[in-house]
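Right, one structure below, let's go through it.
The values are calculated or read from the model by the stated rules, or taken from the named source; none is laboratory data. Source: prediction; values computed, not measured. Please note: Cβ atoms are built from the backbone with ideal geometry, for glycine as well, and neighbour counts cover all protein chains shown.
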Amino acid sequence: MMNLMEGKPLAAAVKARAAARVQALQARGVQPRLAVLLVGDNPASAVYVRGKEKDCAECGIASDVIRLPADTAQSALLAHIAALNADSAVHGILVQLPLPAQIDPDAVLEAIAPEKDVDGFTPVNMGRLLAGRLDACFAPCTPAGCMELLAAAGVDPAGKQAVVLGRSNIVGKPMAVLLTAANATVTLCHSKTRDLAALCRRADILVAAIGREAFVTADMVKPGAAVVDVGINRGADGKLHGDVDFAAVAPLAGAITPVPGGVGLMTRAMLMENTVKAAEMAAKKLA
Ligand code: NDP
């Protein structure tokens, strides 16, 4: 029977767990704080940032959103990051992507202090993740959320064939690393992959993160597979759709995430967990 991997109850549980840790920190005089830098007026980014503020409030995390104009110079953004790096009251720093064209995202991400990099996008964090030092890094929120969804559905990746569609630095690649760390055998696919459908059909765990509506069709899915749909695509109907043809795939999947209401909610929740972890690590250093 198909198991719907819903993000809502699990995200609520992750946030409740984070809130309890926040209270423990507050009892020791530490107020966890996240700083978000938002450059320009991308409407989707504005929505995401509002969601982060709401989540922080729910968990008892203080949040500061620093809104900068679209024509902000890279040097000005770097100056903000340097100030936040030096501010011991700030535990997490997040630069909302995408950035305007005049700013090099790599230069910006490299400037964030790794111990405050709650998105897990800095080279130091990515290196630690690759090295399997999961305790010493912040796993990027989206793949970390996918792992939580699988665990909650009772899907243990150990020994399984996992196929990840998409090799971006923020989703596909770290997803492959996390699944490997959980002892899956991982195939990482992208736009140059040959025989993609045949590879997908072998997957016990299929993660779709490419950004194409209904790309994964029923003939690409092994009956009983766990299907995690990361995609967020605005359809011709004006609604949000995943990368998986949900209606066709759900009846044969062992477990599947809905879009919306799946991975997106978990991404938000994992940011709270990472921010609390950053505050705990900072408090431990001071102790
Ligand atoms: P990117 O555009 O950075 O990467 C897309 C990846 O998909 C690339 O590796 C690309 O291959 C691959 N790809 C594109 N077309 C095909 C194809 N026809 N066959 C095989 N591979 C293909 O996207 P992101 O990783 O940032 O995001 C992916 C999706 O996930 C988007 O819909 C995005 O909106 C969504 N997303 C959702 C989040 C959430 O919280 N739910 C968070 C982040 C993203 P190549 O490298 O060869 O170009």
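Of note:
- Among the residues of region 183-202, those that are basic (Lys, Arg) and either near the ligand (Cβ under 10 Å from one of its atoms) or closer than 19 Å to Gly254 by Cα (or both) comprise Lys192, Arg201, Arg202.
- The residues of region 1-36 include none that are touching a His at 6+ places or on another chain (Cβ under 6 Å) and among the aliphatic types (A, V, I, L, M).
- Any chance Met281 is outside any loop (DSSP other than H, G, I, E, B), at pLDDT 95 or above and within 16 Å of the chain's Cα centre (by Cα): no
- Residue ranges of helices (runs of 4 or more DSSP H) in region 155-260 with at least 2 members buried (at least 21 other Cβ atoms within 10 Å of the Cβ) and small (Gly, Ala, Ser): 172-181
- Options Asp229, Asp245, Asp195: the member that is free of Cβ contacts under 8 Å to residues at least 60 places away in the same chain, at positive phi and either acidic (Asp, Glu) or in contact with a helix residue (DSSP H, G or I) (Cβ under 9 Å, 6 or more places away or on another chain) (or both): Asp195
- Condition met for Ala79 (modelled with pLDDT of 95 or more and loosely packed, with under 14 Cβ neighbours inside 10 Å): yes
- Against the numbered list (1) in the same structural domain as Lys52 (by TED's automatic domain parsing); (2) closer than 20 Å to Ser45 by Cα, Gly145 comes up short only at (1).
- One residue alone among Ile205, Ile210 is within 10 Å of the ligand (Cβ to nearest atom), under 24 Å from Arg268 (Cα atoms) and in contact (Cβ under 8 Å) with a residue 24 or more places away in the chain, and that residue is Ile210.
- Condition check for Glu110: away from the ligand (no atom under 16 Å from the Cβ), out of contact with any Cys (no Cβ under 6 Å at 6 or more places or on another chain) and in a helix (DSSP H, G or I): yes
- Contacts under 6 angstrom Cβ, first residue in region 80-109 being assigned by TED's automatic domain parsing to the domain that holds Leu37, partner of a type in the set (Val, Ile, Thr) and assigned to a helix (DSSP H, G or I), 6 or more apart: Gly92/Thr275; Val95/Val108; Gln96/Val49
- Extreme residue, nearest to the ligand (Cβ to nearest atom), among residues of region 265-287 that are among the β-branched types (Val, Ile, Thr) and under 17 Å from Gln31 (Cβ atoms): Thr275
- Qualifying position, being assigned to a strand (DSSP E or B), within 24 Å of Ala107 (Cβ to Cβ) and in contact (Cβ under 8 Å) with a residue 24 or more places away in the chain, among Asp71, Asp64: Asp64
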